[in-house]
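Structure, as structure tokens:
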Amino acid sequence: MDCIFCEIIKGNIPSTKVYEDDFVTAFNDLNPQMPVHVLIVPKKHIASANDIEENDAELIGKVFLAAKKIAASMGLENGYRIINNCGEDAGQTVKHLHFHLLGGKTMGDKII
Ligand code: 5GP
Ligand code: ZN
């Protein structure tokens with residue numbers, strides 16, 4: 001399998017890791033859209049949010065617990081946004097489930 005995020009998780013492609021536990025890795029986005037732009041990635045290869053299965057439920061919970069810790073460690077006590085792009089129409093470019101953690105300034109544009 002040719003997955004860039006699996007290679008980052010294994011350390012075969014360099015990244016700036018900001019968090020890691022047994023289930024989740026998080027690293028700075030290569031092309032940051034905000035002062036803080038971290039990608040939170042489950043270590044298990046899941047292609048997209050649409051490919052999450054029943055037995056992944058606990059893992060997804062761990063992603064959000066990691067997000068909270070990362071946000072605190074990066075000084076985002078004023079708030080942050082978590083975004084997942086799922087599939088073609090949403091513009092998902094990397095086919096390994098990931099959540100964008102964005103913060104560090106007031107976000108004007110809201111889709112919802
Ligand atoms: P998507 O568009 O799939 O929701 O988000 C993919 C994100 O991965 C993009 O924001 C892009 O900048 C980031 N990205 C793509 N390749 C790499 C890489 O090799 N290293 C890092 N750190 N980020 C990457
Ligand atoms: Zn992968």
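The values are calculated or read from the model by the stated rules, or taken from the named source; none is laboratory data. This one's a predicted model, so the numbers in the text were calculated from it and none came from an experiment. Glycine gets a Cβ as well: all are built from the backbone with ideal geometry, and neighbour counts include every protein chain shown. Only protein heavy atoms, including side chains, enter the accessible area calculation; ligands, DNA and RNA are left aside. Shrake-Rupley method; radii C 1.70, N 1.55, O 1.52, S 1.80 Å.
Using DSSP loop states and a limit of at most 14 other Cβ atoms within 10 Å to flag trypsin sites (Lys or Arg not before Pro), what is the longest stretch of the chain containing no flagged site?
Answer from the scan: 45-104.
Quick check on my link table: of Lys10/Lys110; Lys10/Lys105; Lys44/Lys68, which ones sit more than 24 Å apart, alpha carbon to alpha carbon?
In this structure, Lys10/Lys110; Lys10/Lys105 lie more than 24 Å apart at Cα.
Which value, in debye to the nearest 20, describes the size of the charge dipole of the chain about its Cα centre when Lys and Arg Cβ atoms bear +1, Asp and Glu Cβ atoms bear -1, and nothing else is charged?
Result for the chain is approximately 460 debye, rounded to the nearest 20.
Just want to confirm a number: the relative contact order over the chain, from Cα pairs under 8 angstrom separated by 6+ residues, in percent.
After rounding, I find 31 percent.
Might you list the cysteines of the chain that have no disulfide-compatible partner by the rule of another cysteine's Cβ under 4.7 Å?
Lacking a cysteine Cβ partner under 4.7 Å: Cys86.
Using θ = phi - 60° and the Karplus curve 6.51 cos²θ - 1.76 cosθ + 1.60, what whole-Hz ³J(HN,Hα) does each residue of segment 85-98 get, with Gly and Pro shown as x?
Whole-Hz 3J(HN,Hα) from phi for segment 85-98: 9, 10, x, 4, 4, 8, x, 5, 9, 10, 8, 9, 3, 8.
Mind checking segment 8-60 for GluC sites (Glu not before Pro) that DSSP puts in a loop (not H, G, I, E or B) and that have at most 15 other Cβ atoms within 10 Å?
Sparse-neighbourhood loop GluC sites (Glu not before Pro): Glu53.
Within straight cross-link reach of Lys69, meaning Cα distance under 14 Å, which aspartates and glutamates are found once same-chain residues fewer than 8 apart are removed?
Cα-Cα hits under 14 Å: Glu20, Asp21, Glu77.
Can you find, among His98, Leu59, Tyr80, the residue sitting farthest towards the positive end of the charge dipole of segment 50-112, where Lys and Arg contribute +1 and Asp and Glu -1 at Cβ?
Comparing the listed Cα positions along the dipole, Tyr80 ranks first.
For segment 29-46, what does the Karplus curve 6.51 cos²θ - 1.76 cosθ + 1.60, with θ = phi - 60°, yield as ³J(HN,Hα) per residue in whole Hz, taken in order and with x for Gly and Pro?
Residue by residue, segment 29-46 yields 5, 4, 10, x, 9, 8, x, 10, 9, 10, 9, 9, 10, x, 5, 5, 6, 10 Hz.
Going by accessible area, probe 1.4 Å, with all protein chains left in place, what is the ranking of Thr93, Thr25, largest first?
If we order Thr93, Thr25 from most to least accessible, we get Thr93, Thr25.
Using only protein heavy atoms and a 1.4 Å probe, report how much of Cys3 is accessible, in Å² to the nearest 10.
10
Ordering Ile112, Ile4, Ile82 by accessible area with a probe of 1.4 Å, largest first, what comes out?
Values: Ile112 175, Ile4 85, Ile82 60 Å².
Result, largest first: Ile112, Ile4, Ile82.
Using helices alone, I'd like the mean residue ellipticity at 222 nm for the chain: each DSSP H run of four-plus residues gives -39500 (n - 2.57), total over residue count, nearest 500. Don't skip to the end; give the middle numbers.
Values: 2 runs with 24 residues, N = 112.
Calculated at 222 nm, the ellipticity per residue is -6500 deg cm²/dmol.
Would you mind checking the tilt of helix 57-73 against the longest principal axis of the Cα atoms of the chain, expressed as 0 to 90 degrees and rounded to 10?
So the helix axis and the longest Cα principal axis differ by about 40 degrees.
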